[in-house]
Amino acid sequence: METLSQLPGDLLRYYTQGGPVMHMISVLSLFSLTTIVYKLIVFMRVRVNLNEFISKVRGALLKGNVKGAMQVCEEQRGPLGAIIKTGLLKHGSPREEIEKTMENAAIHEVAYLEKYLTVLATVANITPLLGFLGTVVGMSLSFDIIAEQGLNNPGLVAKGISVALLTTAYGLIVAFVTQPFYNYFTSKVTSYTREIETASNILFETFDEMDRMGSTKA
């Protein structure tokens, strides 16, 4: 228990010993944390049951109820519903025109899903470099002390080496936390892209079925 109670003070001391580079890494870690929380909220909001959604859209369309299908899209917040709705709004137009409209909508929606992912990529790449910068600064401090005083003051030499190790460790920790979230969010974007492609293909197949059945636009 005593060790745990001393932990905050020890961490603060280590942080202070790390020098100015620690502050730079901390700023980037705040950017990373803010982006992670934001993206988690975004992907939670756009989550959709693809099979249930597309079944409702198909059911309405095969009854000739295009407005009903658009209502289903409006109830489903997120990229998928918005993209399918753009296709429904163009129902009756040439297939090429519908595809072009949906592609443009998809580009916009995927860009929304990818928003701020570059922040995580940048943090994951830069924080280890900042840690290595701190290593260089710390080792330079140690060598300066050795050059001035020789090895007569090992405490000051150790202090420089401590700066080097602490900044490197801090930079790597921030990168280790950030990189998995970046990979996760990237995989989610890829997954949503596949769902959009699947739903778009099913929509066109449904349009073809409507034409064969002689359904008319509601």
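Observations on the model:
- Of residues in region 27-69 being aromatic (F, W, Y) and farther than 20 Å from M210 by Cβ, the one least open to solvent (accessible area, probe 1.4 Å): F43
- Residue list for region 57-87, restricted to those being of a type outside the set (G, A, S), part of a helix (DSSP H, G or I) and more than 30 Å from the chain's Cα centre (by Cα): R58, L61, L62, V66, K67
- Boolean, I107 is closer than 30 Å to M210 by Cα, part of a helix (DSSP H, G or I), open to solvent by 90 Å² or more (accessible area, probe 1.4 Å) and modelled with pLDDT of 90 or more: yes
- Among the criteria (1) open to solvent by less than 60 Å² (accessible area, probe 1.4 Å); (2) at pLDDT below 85; (3) aromatic (F, W, Y), the one F143 does not fulfil is (1).
- Options K100, K85; residue that is basic (K, R), out of contact with any Cys (no Cβ under 8 Å at 6 or more places or on another chain) and either over 21 Å from F185 (Cα atoms) or open to solvent by less than 30 Å² (accessible area, probe 1.4 Å) (or both): K100
- Apart from one condition, T168 fits all of (1) surrounded by fewer than 15 Cβ atoms within 10 Å (Cβ to Cβ); (2) over 22 Å from T118 (Cβ atoms); (3) at pLDDT 75 or above; the exception is (1).
- Qualifying residue in region 179-189 (condition: assigned to a helix (DSSP H, G or I), modelled with pLDDT of 65 or more and of a type in the set (A, V, I, L, M)): yes
- Selection from region 116-139 of residues that are open to solvent by 70 Å² or more (accessible area, probe 1.4 Å) and either free of Cβ contacts under 8 Å to residues at least 60 places away in the same chain or in a helix (DSSP H, G or I) (or both): T118, N125, L129, F132, L133, V136, V137
The values are calculated or read from the model by the stated rules, or taken from the named source; none is laboratory data. Worth saying up front: this structure is predicted, and the values here are computed from it rather than measured. Cβ sites come from the backbone with ideal geometry, for glycine too, and all protein chains shown count toward neighbours. Keep in mind that these areas ignore ligands, DNA and RNA; they rest on the heavy atoms of the full protein, side chains included. Shrake-Rupley method; radii C 1.70, N 1.55, O 1.52, S 1.80 Å.
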